[in-house]
Amino acid sequence: DIWVTNLDVVIEVDGIFHVEPVYGEEKLQKTQDADKRKNNLLVKNGFAVLRLIITKKHISDNDYRLIKEKVLKLIKSAKPGKVTKWRYDG
């Protein structure tokens, strides 16, 4: 979703339908398979991937602040060729 070009970090922001069968098991499996293919392609090409799973429906200003702080820390510690996952349920 976001490419931090000077650091070669890719940030993917995933909603609940990436981790729970909101639209059924088959759709969840297809979504997760697509996520894995994308991760593998990015990692193979030397990118650090941050996959943020945001499951909270309504995000408050405080949630935004907490998420932003965590994302900035994750960007600083991102390793090329690695996928880091972080989940925020609020």
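The values are calculated or read from the model by the stated rules, or taken from the named source; none is laboratory data. In this text, all values refer to a predicted model and were calculated from it rather than measured experimentally. Neighbour counts are summed over all protein chains in view; Cβ atoms, including those assigned to glycine, are modelled from backbone coordinates with ideal geometry. Side chains included, ligands, DNA and RNA excluded: accessible areas come from the protein's heavy atoms. Shrake-Rupley method; radii C 1.70, N 1.55, O 1.52, S 1.80 Å.
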Within segment 2-64, chymotrypsin sites (Phe, Trp or Tyr not before Pro) in DSSP loop having at most 15 other beta-carbon neighbours inside 10 Å | Y23
Work out the FRET efficiency for A34 and K70 from their Cβ-Cβ distance, taking R0 = 22 Å, and round it to the nearest 0.05.
-> 0.35
For K36, which lysines qualify as cross-link partners when the Cα separation must be under 17 Å and same-chain residues fewer than eight apart are set aside?
-> K27, K44, K82, K85
Taking every other residue with Cβ under 11 Å from the Cβ of D35 and scoring Lys and Arg +1, Asp and Glu -1, one gets +3
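Suppose all protein chains stay in the model; what accessible area per residue would a 1.4 Å probe give for the chain, in Å²? Kindly include the intermediate steps, with their values, before the conclusion.
Numbers: 6260 Å² over 90 residues.
Computed with neighbouring chains in place, this is 70 Å² per residue.
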Find the Rg to Rh ratio for segment 42-90, where Rh is the Kirkwood radius over alpha-carbon pairs and Rg uses the same atoms.
-> 1.05
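Would you please name the trypsin sites (Lys or Arg not before Pro) within segment 33-72 that are DSSP coil residues with at most 12 other C-beta atoms within 10 Å of their C-beta?
On the way: sites: K36, R37, K38, K44, R51, K56, K57, R65, K68, K70; in loops: K56, K57.
Hits after loop and neighbour filter: K57.
Once neighbouring chains are kept in place and the probe is 1.4 Å, which whole percent of the accessible area of the chain is contributed by carbon and sulfur?
55 percent
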Beyond 23 Å, what share of the Cα-Cα pairs of the chain remains, rounded to the nearest whole percent?
-> 26 percent
Rounded to the nearest 5, what % of the DSSP beta bridges within the chain are antiparallel ones?
-> 20 percent
When only C-alpha pairs under 8 Å and at least 6 residues apart count, what is the relative contact order of the chain, in percent?
-> 34 percent
With x for Gly and Pro, the residue-by-residue ³J(HN,Hα) of segment 18-24, computed from phi through the Karplus equation 6.51 cos²θ - 1.76 cosθ + 1.60 at θ = phi - 60° and given in whole Hz, is 8, 10, 9, x, 4, 10, x
